[in-house]
Amino acid sequence: MKKIRLLLIVTCLSCMAILFGLTCANATPYKAPEKIKAVMVGDRLVDVALKLGVVAEGMAVRASMWPKADEIKMASQLLGCPNYVTVKHPETIANFMKERGITRLILEKSVKFCLYKKKVNPVKVAELVKDVPGITIEYVDFSSGVVPAISQIAELFGKQEQGHQVAASYAKAMKKVEASLTKQKTGKRVLVLNGHYLASGKTFIRVEAPGGYSDQYILNPLGCKNVAEAMMTDTMKVSKGHVSGGRLGWLDKVKPDVIVATGDGFAVQLALHKALQKNPALADVPAIKTGSVYSLPFYGDSSVLEYPQIFKQWSAALGQ
């Protein structure tokens, strides 16, 4: 018996050693991005540049609504969002460039930079850096689409071959998105809850108001409806496309078919659990009754290259 057990242990260890060896052999080293002496302003610009393996010394992006910004902050100095550097503290970028001896500024051009701050435009930074010695300003135009912008960015950084590959991959993924739209019109009634969990244990829930990014880029194309309007009152203040969700006691009034959790999914789960404890009748809400509660990534038109994959996840969830 002891011999059998010993043989089993040796066999298991041997298998683990083989698997470990295969894992190590197949692991691909991650190549750190190249940091260039420049400042970039605009989420889409920074997103594509990162894909091409380039980050700037400084950047201005909408970090509060773009999860990837947390990763990039480890390599590039976040100077604030475009609203911060053009309206609230217009001296920020010029001061940073002077302190670091940076003379290269790259700005994103887009028809509508942000749904929530309609007057914000990264191009306005050009007027704020005129006194920076030797300043050179370059522009990347997204108004004609993502693919042409990828080519422009690749040209700026001498990454033409890689840019061609990224553009081709994106175009192929977008064709799949467009093809899926003709097949799937789910008609689901959807509620989008954004969660935030603090170290203190407190949870904050915001409800995405109709007309925002989720509606424009995902729900409307899929034939779904954002039902948040049913819980909104005239006294509620819409901030960055969201309103406070409170303790979710109003869920039985809205009756969504699907609840999507963005941000911190655990915070949303916890809030739903507490709401059910307080009012067990909420178990009859269609989304809760069928278990149609999904944690999905928020898309705020920042992660443009990731949009096809994000759309695919939402589509899979809403098609159930």
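General remarks:
- Formal net charge of residues neighbouring Gly80 (Cβ-Cβ distance under 14 Å; K, R +1; D, E -1): +3
- Karplus-derived 3J(HN,Hα), 6.51/-1.76/1.60, for each residue of the stretch 283-289, Hz, glycine and proline x: 5, 8, 4, x, 5, 7, 4
- Rounded to the nearest whole Hz, the Karplus-based 3J(HN,Hα) values (6.51 cos²θ - 1.76 cosθ + 1.60, θ = phi - 60°) of the stretch 247-253 follow the sequence 9, 6, x, 8, 4, 5, 7, with x at glycine and proline.
- Filter on Lys118/Lys185; Lys68/Lys98; Lys202/Lys278; Lys31/Lys175 - keep pairs with C-alpha separation over 21 Å: Lys118/Lys185; Lys68/Lys98; Lys31/Lys175
- In the context of the full set of protein chains, the stretch 118-175 has a per residue accessible area of 58 Å² (1.4 Å probe).
- Solvent-accessible area assigned to carbon and sulfur over the chain amounts to 57 percent, based on a 1.4 Å probe.
- Largest-first principal axis extents, alpha carbons of the stretch 104-209, Å: 53, 41, 28
- Sequence-ordered 3J(HN,Hα) estimates for the stretch 86-103 from the Karplus curve with 6.51, -1.76 and 1.60 and θ = phi - 60° stand at 10, 10, 6, 9, x, 8, 4, 5, 4, 4, 4, 5, 5, 5, 8, x, 8, 10 Hz, glycine and proline given as x.
- Cα convex hull, the stretch 163-249: 146 Å³ per residue, rounded to a whole number.
- Listed by chain and number, the aspartates and glutamates whose C-alpha is less than 18 Å from the C-alpha of Lys130, apart from same-chain residues fewer than 8 away, are Glu91, Glu99, Glu108, Glu138.
- Close amide-amide hydrogen proximity is noted between Asn226 and Val190, each under 5 Å apart and 5 or more residues distant or on a separate chain (H modeled in the peptide plane; Pro and chain starts excluded).
- Alpha-carbon spread of the stretch 32-165, three principal axes, descending order, Å: 38, 33, 25
- Once divided by 2.2 N^0.38 Å, the Cα radius of gyration of the chain becomes 1.20.
The values are calculated or read from the model by the stated rules, or taken from the named source; none is laboratory data. Only a predicted model underlies this, so the values are computations on that prediction, with no experimental measurement involved. So basically every Cβ, Gly included, is an ideal-geometry build from the backbone, and we count neighbours across all protein chains shown. For accessibility, only protein heavy atoms count, side chains too; no ligands or nucleic acids. Shrake-Rupley method; radii C 1.70, N 1.55, O 1.52, S 1.80 Å.
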